[in-house]
Amino acid sequence: MDTAPDDQAVQQQLQRQNDILSAITEALPATVVIVDAQGRYRFVNSAFERLVGRAASDILGRSAAEVLGTEEVMRRKPYMQQALAGQAVGFVLDYPSPQGTRWLALHCIPLKLDGVVDGFVGISQDITAERREQERLAHLAERDPLTGLYNRAGFEQRVGIRVSGGERHELALLYIDLDHFKPVNDRLGHAAGDQLLKVFALRLSEAVRAADEVARLGGDEVVILLGGV
């Protein structure tokens with residue numbers, strides 16, 4: 001029996017929509033999946049195939065637990081449940097490894113048909129580079145570039161954290177001013193003075209406990225915050 005012209009037009013339109021969806025998801029620098037209300041994959045892009053190391057033909061129709069593993073699904077389950085309840089949600093998951101931590105930013109967006117939630121669209125993107133750059137900038141903002149010790153701003157932040165954490169009555173502050181440091185700069189040059197400060201900072205850091213904080217306030221002025229005293 002021949003297909004009616006109207007049916008052919010509908011099928012062509014559906015195929016066109018599928019082609020457009022596929023082209024868009026393949027162009028995105030992210031994994032894109034569509035999961036139905038029963039938690040089974042309806043659609044995945046090639047980025048997701050590469051992520052899990054399986055072809056789409058081996059993913060579609062399977063549950064998230066079958067593809068990602070039970071442990072991973074348990075981490076994502078609260079957010080998936082929110083999406084299936086009709087609420088868009090975004091979250092970040094970390095994946096520590098000997099090579100360093102990797103971070104994924106994920107979004108679950110409810111998929112509604114005729115006003116009823118019929119699953120969700122899941123989008124994830126690796127944000128490791130961005131996170132590491134944020135950490136690098138944060139480190140620069142709170143550390144003395146010469147010695148690697150906390151700078152004044154970083155030290156004040158650490159003090160604030162320790163005090164707000166209930167250690168107010170268990171902290172002591174040591175102030176250290178190096179004697180005869182100026183003659184080193186005057187006689188041997190600033191490069192020698194800088195090297196001296198580096199060595200001093202290293203030895204001081206090795207001499208204190210893990211719970212103590214060491215900072216360079218500037219020049220040859222160093223402070224130590226002692227905890228648990």
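Brief remarks on what is shown
- Of all residues in region 91-113, those that are without any contact (Cβ under 8 Å) to a residue 24 or more places away in the chain have Cβ atoms under 9 Å from Cβ atoms of residues that are in a loop (DSSP other than H, G, I, E, B) and among the hydroxyl-bearing types (Ser, Thr, Tyr), 6 or more apart or on another chain, in 94/101; 95/101.
- Looking only at residues of region 10-33 that are under 24 Å from the mean Cα position of the chain (by Cα) and of a type in the set (Val, Ile, Thr), we find that the one that is nearest to residue 127 (Cα to Cα) is 31.
- Boolean, residue 51 is in contact with a strand residue (DSSP E or B) (Cβ under 7 Å, 6 or more places away or on another chain) and farther than 23 Å from residue 118 by Cβ: yes
- Checking each residue in region 47-79 for being polar (S, T, N, Q) and either in contact (Cβ under 8 Å) with a residue 40 or more places away in the chain or more than 18 Å from residue 26 (Cβ to Cβ) (or both) picks out 63, 70.
- Hits in region 138-175 (condition: in contact (Cβ under 8 Å) with a residue 60 or more places away in the chain and within 18 Å of residue 204 (Cβ to Cβ)): 144, 146, 147, 149, 150, 151, 152, 154, 155, 158, 159
- Evaluated against (1) touching a Phe, Trp or Tyr at 6+ places or on another chain (Cβ under 9 Å); (2) closer than 30 Å to residue 218 by Cα; (3) open to solvent by 40 Å² or more (accessible area, probe 1.4 Å), residue 136 falls short on exactly one condition, (1).
The values are calculated or read from the model by the stated rules, or taken from the named source; none is laboratory data. The structure presented is a predicted model; accordingly, all values stated were derived computationally and were not measured. Don't worry about glycine lacking a Cβ; one is built from the backbone with ideal geometry, like all the others, and counts go over all protein chains shown. Note: areas computed on protein heavy atoms with side chains; ligands, DNA, RNA excluded. Shrake-Rupley method; radii C 1.70, N 1.55, O 1.52, S 1.80 Å.
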